[in-house]
1. Identify, please: which residue in segment 79-112 is modelled with pLDDT of 95 or more and surrounded by fewer than 18 Cβ atoms within 10 Å (Cβ to Cβ) and is, among those, farthest from ILE7 (Cα to Cα)?
2. Residue check: is ALA317 in a helix (DSSP H, G or I), touching a helix residue (DSSP H, G or I) at 6+ places or on another chain (Cβ under 8 Å), surrounded by 18 or more Cβ atoms within 10 Å (Cβ to Cβ) and at pLDDT below 95?
3. What number of residues in segment 111-129 are among the hydrophobic types (A, V, I, L, M, F, W, C) and in contact with a Leu (Cβ under 7 Å, 6 or more places away or on another chain)?
4. Which of the residues belonging to segment 222-270 are among the aliphatic types (A, V, I, L, M), in contact with a strand residue (DSSP E or B) (Cβ under 8 Å, 6 or more places away or on another chain) and either at pLDDT below 95 or part of a helix (DSSP H, G or I) (or both)?
5. Find the residue count for segment 281-294, including only residues that are of a type in the set (Asp, Glu) and either crowded, with 21+ Cβ neighbours inside 10 Å or assigned to a helix (DSSP H, G or I) (or both).
6. If you check SER297, SER309, SER215, which single one turns out to be in contact with a strand residue (DSSP E or B) (Cβ under 6 Å, 6 or more places away or on another chain), within 27 Å of ALA63 (Cα to Cα) and either surrounded by fewer than 17 Cβ atoms within 10 Å (Cβ to Cβ) or of a type in the set (Gly, Ala, Ser) (or both)?
Amino acid sequence: MHTDARIYVAGHRGLVGSAIVRQLRAAGQHNLLLRTHAELDLTDAAATREFFALEKPEHVFLAAARVGGIQANQQFPADFVRDNLLIQTNVIHEAWRTGVQRLLFLGSSCIYPRLAPQPMRESDLLTGPLEPTNRPYALAKIAGIEMCWSYNRQHGTRFLAAMPTNLYGPGDNHDLDTSHVIPALLRKFHEARVQGKPSVTVWGSGEPRREFMYSDDMAAACVFLMNLPERSFDSLLGSDEALTGRFEPPLINIGVGEDLSIRELAETIRQVTGYQGDIVFDRSKPDGTPRKLMDVSCLNALGFQPTVSLREGLRRALADVPYAQAQVSLA
């Protein structure tokens with residue numbers, strides 16, 4: 001992507017999109033097309049069409065999505081499947097209509113089967129049942145991968161789907177009712193320390209294992225992918241299964257390649273926040289998928305490696321939120 005390329009970052013205020021914007025600006029990109037939800041509702045097909053026709057972006061990072069943790073997914077399954085299908089359908093279709101050169105569609109590791117072999121490879125897509133607690137969201141994201149694949153086959157587009165592991169970092173959602181595990185635990189442990197609470201309750205048994213990546217590392221991987229030389233980028237765009245007989249979707253994993261248990265995560269967050277009380281696990285709450293570790297051998301082979309450790313990332317994430325600024329423990 002040349003430095004004056006017209007680049008549209010859909011969802012630039014979210015955790016993923018804001019990190020991508022930071023990376024693009026750091027790389028010298030100065031012609032970013034950014035719209036808030038109030039300015040452009042991507043579930044509105046007519047509004048999305050008008051935007052693409054007017055602005056004609058050359059490259060698109062599709063990070064806009066309705067996202068949330070287990071509780072939010074269970075409370076609003078219809079919203080999750082509807083909104084995500086509408087957003088990606090409108091953006092991908094208009095990207096084709098207006099001749100976008102490259103598009104990166106961002107999904108999630110929950111697209112893989114609940115009991116997929118670990119670590120999860122790109123070829124594990126559609127090989128088994130999904131985790132029921134976030135199936136509507138996962139199915140929408142799988143549909144987005146298929147859309148990229150189908151448009152590539154039928155229209156010769158160059159649309160790639162990237163599946164990040166669990167993310168955290170600046171701009172995250174710290175609402176305890178809708179957030180993912182790291183921002184929820186950061187807030188719980190910080191507030192428990194400030195309020196002198198004797199214990200913090202964590203959902204589930206603590207046994208499931210998860211992989212976590214700092215959002216700026218993820219964004220660096222996204223910009224790295226979109227800047228790949230033509231041959232390297234095209235090698236990721238999948239094949240026509242009817243011609244090759246091979247299941248090769250335009251899909252690449254983004255992660256760190258190692259995981260830890262929720263119990264270990266809670267203990268790490270306790271140390272980072274300086275909390276001294278007990279950790280209690282509420283086994284009446286769902287655990288979700290037993291393990292989700294990404295196989296990132298493809299990304300690593302292209303030459304990308306993350307740089308931010310979990311402990312350092314947690315400190316940065318905590319320092320970013322208003323309720324904890326200047327209070328991060330250096331333990």
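1. ARG82
2. Yes: the conditions hold for ALA317.
3. Qualifying residue count, segment 111-129: 3.
4. LEU225, MET226, ILE262, LEU265, ALA266
5. Going through segment 281-294 one residue at a time, the tally reaches 0.
6. That would be SER215, the only listed residue that is in contact with a strand residue (DSSP E or B) (Cβ under 6 Å, 6 or more places away or on another chain), within 27 Å of ALA63 (Cα to Cα) and either surrounded by fewer than 17 Cβ atoms within 10 Å (Cβ to Cβ) or of a type in the set (Gly, Ala, Ser) (or both).
Matching residues to (1) part of a helix (DSSP H, G or I); (2) over 22 Å from VAL21 (Cβ atoms); (3) touching a strand residue (DSSP E or B) at 6+ places or on another chain (Cβ under 6 Å):
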| position | (1), (2), (3) |
| --- | --- |
| ALA53 | yes, yes, no |
| ALA72 | yes, yes, no |
| ALA78 | yes, yes, no |
| ILE87 | yes, no, no |
| ASN90 | yes, no, no |
| TRP96 | yes, yes, no |
| VAL100 | no, no, yes |
| PRO113 | no, yes, no |
| ALA116 | no, yes, no |
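The values are calculated or read from the model by the stated rules, or taken from the named source; none is laboratory data. It should be emphasised that the depicted structure is a prediction, and the values quoted were computed from it without experimental measurement. As a convention, Cβ positions derive from the backbone with ideal geometry for all residues, glycine included, and neighbour counts pool all protein chains shown.
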